[in-house]
Amino acid sequence: MIKLAEETLERYDALTRELSDPNIFSDQNHYREVAKEHARIKRGAELSRELLDSIEEAREARELVPTPGDAEEKEFYAEEARGAEERGEELSEEIRAELIDRDPNDDKDVIIEIRAGTGGDEAALFAGELLEMYSRYAERLKFKHRTLSSSPAEVGGFKEVTVEIGGDRAYSVFKHEGGTHRVQRVPKTESQGRIHTSTATVAVMPEAEDVEIDVHQNDLEIDVYRSSGPGGQSVNTTDSAVRITHKPTGLVVTCQNEKSQLQNKEQAMKILKARLLEREMQERQQEAGAMRQAQVGTGERSAKVRTYNFPQGRITDHRVGVTSHSIDATMGGGLEEFTQALAAKERSDKLSAETNGDNN
C-alpha cells in the first residue's frame, strides 16, 4: 500500500504540473483527459499523503520512546505511535476502496428515472417529491440537474420522470438510491384520516459515453408525434415529441419536454444509451457470477429500500438500518446521512468479499 500511495502522489503531482502549463489548452481533448484523471485520483492522492504522513509520525514517535526512561513518558510516546499506526491502517483501507476497489462508473454523471408505483394519485405525488428531493440535494452539492423527460399526472407529480445530474462523482453519490421507496401518510383526498401506503420506484444509471455504447442507426426505430400534456392538453402544434425503439433489446424511450424535435431526440438517445449501459453492466455481473437483485424490484408495497413515514416524521433505510427523525430536512435535500451510510456499507461489503475470497 505504501508503494501505491507513493505512485499515486507522484502521478497526481505530475498531472497538477501539466494542468498549470498554459500550453495544455492548445489541445482541448488532451486537456479534458488530464483534467478528468486529475479529478479522479484527487481523493486517493489526499489519502495517500495522509498515509505517508501517519507512517512518518509513527516512526518518529517510536524513535522518541526513551530507553531507559520514565515509564509515563515511555507510555506517552508509545501511545502516540500506536495512534499513528492505527490511523495508517484505516487510511490503507480507504485507499484500497478509493484506488483499487473503486466502481469505474463513480466519476460519471447520473441519470435517475422515477416512476409512480402502487398507490394511484398518491404515488404520482410522491414521485414528484422524490424528484424535488434529489434536485435539492444536487443543488446542495453544487451539481447541475435538468429534467430529460416526464409524464406529469393530472393531480400533480409524475407518472414517470427522468432527470440528469452532473457533478463531481455524481454517480457515486446517487447510485444507492435505486429501488422501491415507500411512503406512509394521510393523502389529501382521504376524508377519514386514514394512513395510506404508496410507492415510487427509482432506477439509477451512470450516463453512458459514446465510446462505451455504440448504437447503430439500423437498430433504431424513430417515431415523431405531437407533444401533449396532462389531460390531452396540447403543448405545441408541431410533431416534436420523439419515441425511439431499440429493436435488438425492445427498449423504448420517449421524450417530449423540449420544443425542438432535435433536442428531444438527443435527450432520448442519452436515456437509451444509459439504459443500454446499465443492461450491459448487469450482464457482465451475471456472467461473473455476481448477479444482483434488480434495482427497482416489483414496486409493490412490501418490496422497499426506504420508508418515509410522515405521521411519525421519520425515514428509515432498510438496507443499513439508519433512521432519521428529520423528514422535512431530508425531503428538502438533506440526504447526506443516508448516502454516506450506504457508501460505507458498500466499502465494508467489498472488503468482506475480498477477505472471504482470500480465505477460500
Hey, which of these cross-link pairs are over 19 Å Cα-Cα: Lys36/Lys144; Lys175/Lys350; Lys144/Lys259; Lys108/Lys304; Lys3/Lys350; Lys108/Lys175? Lys144/Lys259; Lys108/Lys304; Lys3/Lys350
Mind putting a number on the dipole of the chain about its Cα centre? Charges go on the C-beta only, +1 for Lys and Arg and -1 for Asp and Glu, and I need it in Debye to the nearest 20. 2280 debye
Taking R0 as 30 Å, what FRET efficiency do you get between Val215 and Arg11 from their Cβ-Cβ distance, rounded to the nearest 0.05? 0.30
Ordering 16-23, 37-44, 172-179 by per-residue average of other C-beta atoms within 10 angstrom, highest first, gives 172-179, 37-44, 16-23
Divide by every residue of the chain the summed helix terms, -39500 (n - 2.57) for each DSSP H run of at least 4, and state the resulting mean residue ellipticity at 222 nm, rounded to the nearest 500 deg cm²/dmol. -15500 deg cm²/dmol
Between the alpha-carbon centers of the stretch 195-210 and the stretch 115-146, tell me the distance in whole angstrom. 9 Å
With the alpha-carbon atoms as the only input, what is the per residue convex hull volume for the stretch 2-100 in Å³? 88 Å³
Please report how far the C-alpha centroid of the stretch 24-64 lies from that of the stretch 254-268, rounded to the nearest whole angstrom. 41 Å
Given 239-248, 183-192, 129-138, 54-63, the highest-first ranking by average Cβ count within 10 Å works out to 129-138, 239-248, 54-63, 183-192
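None of the figures in this text is laboratory data; all of them are computed from the coordinates on show. Just so you know, these numbers come straight off a predicted model, no measurement behind them. Cβ: placed from backbone, ideal geometry, glycine included. Neighbour counts: every protein chain shown.
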